[in-house]
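First comes the structure, then the notes that go with it.
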Amino acid sequence: MDKKSLRQKAKAERQKLTQEEIEDKSLAIANQLLRMDIWDKLYYHLFLTIEEQKEINTEYILQILAGKDKEIVISKCEFATLGMTHFLLTNNTKIKKNSYNVPEPVDGLEVPDAKIDVVFVPLLAYDKQGNRVGYGKGFYDNFLSKCKPETIKIGLSFFPPEEKINDVSANDVKLDFCVTPEEIYKF
């Protein structure tokens, strides 16, 4: 299936989910993450949930990271460049939704791409080879291509993988894992 069709399919599947299902599945994903051998790192990049898109509630992962005393990094999108600026999440961080309803830090202590050890990657769909489909702007592919080679890239999804994404481009950055409520996929 091509990316455009997968985006439409994934958005339609998400819209069918109730708030209770989203919460239950989000908690199950957080519990699956606890089984992974990723907790010896320091800097973890986490996306903040776009509730209007029925994304995974990352609050559970946020609590795990805080409980393990990890450095939590969140981003602000730069629409002019399709880049992202990363900030350390602290008690003083002010969060504001941008025009796309993406919760973002207003400002703060900037963290370079090269410092980030683990990235939890938002997605709409992914395939059995570790390719992902996002919203189509390329923010995460741009960001992930600048991370150090050993940075662990973990997709989070309510749904199992598609067989194959047909129109993968050279700029697409593959995932190392994708975690669902039922399974941890390794690529």
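The values are calculated or read from the model by the stated rules, or taken from the named source; none is laboratory data. Keep in mind that what you see is a predicted model, and the values were worked out from it rather than measured. Cβ sites come from the backbone with ideal geometry, for glycine too, and all protein chains shown count toward neighbours. Quick note on the areas: whole protein, heavy atoms, side chains included, nothing else; ligands and nucleic acids left out. Shrake-Rupley method; radii C 1.70, N 1.55, O 1.52, S 1.80 Å.
Within the stretch 134-157, residues that are touching a residue at least 40 places away in the same chain (Cβ under 8 Å) and open to solvent by 50 Å² or more (accessible area, probe 1.4 Å) have Cβ atoms under 7 Å from residues that are assigned to a strand (DSSP E or B) and not hydroxyl-bearing (Ser, Thr, Tyr) in these pairs: ASN142/GLY83, counting only partners at least 6 apart in sequence or on another chain.
Tell me whether the stretch 9-23 contains one or more residues that are small (Gly, Ala, Ser) and within 24 Å of VAL118 (Cα to Cα). Among the residues of the stretch 9-23, not one is small (Gly, Ala, Ser) and within 24 Å of VAL118 (Cα to Cα), which makes the answer no. Any residue in the stretch 8-32 that's at pLDDT below 95: show its pairings with residues that are part of a helix (DSSP H, G or I) at Cβ separation under 7 Å, as long as the two are six or more apart or on different chains. Final answer for the pair search is none.
Condition check: modelled with pLDDT under 95 and either more than 20 Å from GLY136 (Cα to Cα) or part of a helix (DSSP H, G or I) (or both). Does ASP107 satisfy that? Judged against the criteria, ASP107 is a match.
Listed by position, the helices (runs of 4 or more DSSP H) contained in the stretch 1-103 that have at least 1 residues being surrounded by fewer than 16 Cβ atoms within 10 Å (Cβ to Cβ), under 16 Å from the mean Cα position of the chain (by Cα) and aromatic (Phe, Trp, Tyr) form an empty set. Note on the stretch 158-171: residues that are open to solvent by 50 Å² or more (accessible area, probe 1.4 Å) and touching a Phe, Trp or Tyr at 6+ places or on another chain (Cβ under 9 Å) total 1. Among residues that are touching a strand residue (DSSP E or B) at 6+ places or on another chain (Cβ under 9 Å), farther than 19 Å from HIS45 by Cβ and assigned to a loop (DSSP other than H, G, I, E, B), LYS174 is not included.
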